[in-house]
Amino acid sequence: GADAARRVAQSGASGRLRITAPVSFSTAWLAPRLPAFLAAHPHLEPAFHFSEAHVDLIEEGMDLGIRIGGPERPELIGRRCARIERRLVASPGWVAERTLRTPADLDDAHALVFTKATSWRGWPARSPAGAVLLRPRRVTRATSGDFLRALARTGQGVALLPDWLIGEDVAAGRLVPVLPELALPALDLWVVWPEQRFQSEAARRFVAWFVAEAKASWGA
């Protein structure tokens, strides 16, 4: 927000700032907050490269990367900003047509799965009775959370998606939680950069602002 932007705003930050980030996260969470940062740094020119895949920061000449996960190469360092919870959700109509009391009740469901892998082994979860692997028999895979959310809203099946993507849909009743008593692995939100590259004043300002905004949204 504006307060976080003002806290890190000083004179002297200017020039191009090249950032790679996931498009779904950036559209849903980053875009509404970015104007405050831009207003505090009028001489900066952010250039965003959007991809759900992990872009090679060094080869592509990026200053910063926003990661849902973490540094995947030893040449990268960064800050872990937050832990983001995920929930199983489906449309109200889809839920109304089924009896959903235990994990086994999802065996015949249609799983809408975010994955970059060609194979999918299931969603690990923890129920009150212990660890469980959710593995519905029918699976549709995609590398876009927006696409899977749209499929879920049309009643196609159940999706495991992060709060920043589904919060408005759940609040409006377009999606409803499925088996909310299950604990599902959270996601780590990171901002990373190449270790050997000089970090500009612009990059340092963005990192400070981004970390403050993430903590305001999700805590440490």
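The values are calculated or read from the model by the stated rules, or taken from the named source; none is laboratory data. Only a predicted model underlies this, so the values are computations on that prediction, with no experimental measurement involved. Backbone-built Cβ (ideal geometry, glycine too); neighbour counts: all protein chains shown. Note: areas computed on protein heavy atoms with side chains; ligands, DNA, RNA excluded. Shrake-Rupley method; radii C 1.70, N 1.55, O 1.52, S 1.80 Å.
Once backbone amide H atoms are built at 1.01 Å from N, Arg18 has Ala47, Asp63, Leu64 as its partners under 5 Å, excluding neighbours fewer than 5 places away on the same chain. Each pair of Cα atoms in the range 28-108 enters the Kirkwood radius, and Stokes-Einstein at 10 °C and 1.306 mPa s then converts it into a translational diffusion coefficient of 92 µm²/s. Solvent-accessible surface of the range 66-130, averaged per residue with a 1.4 angstrom probe and all protein chains in place: 55 square angstrom.
Extension gain for Trp218-Ala186 works out to 10.4 nm (0.36 nm per residue, less the C-alpha to C-alpha distance). With a simple spin-label model that places each label point 7 Å from the Cα along the Cα-to-Cβ direction, the separation between Thr102 and Arg137 comes to 1.8 nm.
In this Cβ point-charge picture (+1 for Lys and Arg, -1 for Asp and Glu), the chain has a dipole of about 280 debye about its Cα centre. Entry note, the range 85-196: relative contact order of 43 percent, from Cα contacts under 8 Å with a spacing of 6+ residues. The mean of 1/r over all distinct Cα pairs in the range 169-220, once inverted, gives the Kirkwood hydrodynamic radius of 14.5 Å.
Run the helix sum for the chain: -39,500 (n - 2.57) per DSSP H stretch of 4+ residues, divided by residue count, reported at 222 nm to the nearest 500 deg cm²/dmol. Before the final figure, lay out the partial values.
Values: 7 runs with 63 residues, N = 220.
It lands at -8000 deg cm²/dmol.
The portion of the accessible surface of the chain made up by carbon and sulfur, rounded to a whole percent, is 51 (1.4 Å probe; DNA, RNA and ligands excluded).
Which value in Å is the Kirkwood Rh of the chain over different Cα pairs? If you can, show how the numbers build up before the last one.
Values: mean 1/r = 0.0531 Å⁻¹.
Result for the chain, one decimal place: 18.8 Å.
What percent does the relative contact order of the range 91-148 come to when contacts are Cα pairs within less than 8 Å and at least six residues apart? Present the calculation step by step, with values, prior to reporting the outcome.
Values: 68 pairs, mean separation 22.9, N = 58.
Across the range 91-148, relative contact order equals 39 percent.
Taking 11 Å as the cut-off, the amide N atoms of the range 120-163 that come nearer than this to a point 7 Å along the Cα-to-beta-carbon line of Val170 belong to 161-163. Per residue, the solvent-accessible area of the range 152-211 (1.4 Å probe, heavy atoms of protein chains only, all protein chains present) comes to 40 Å².
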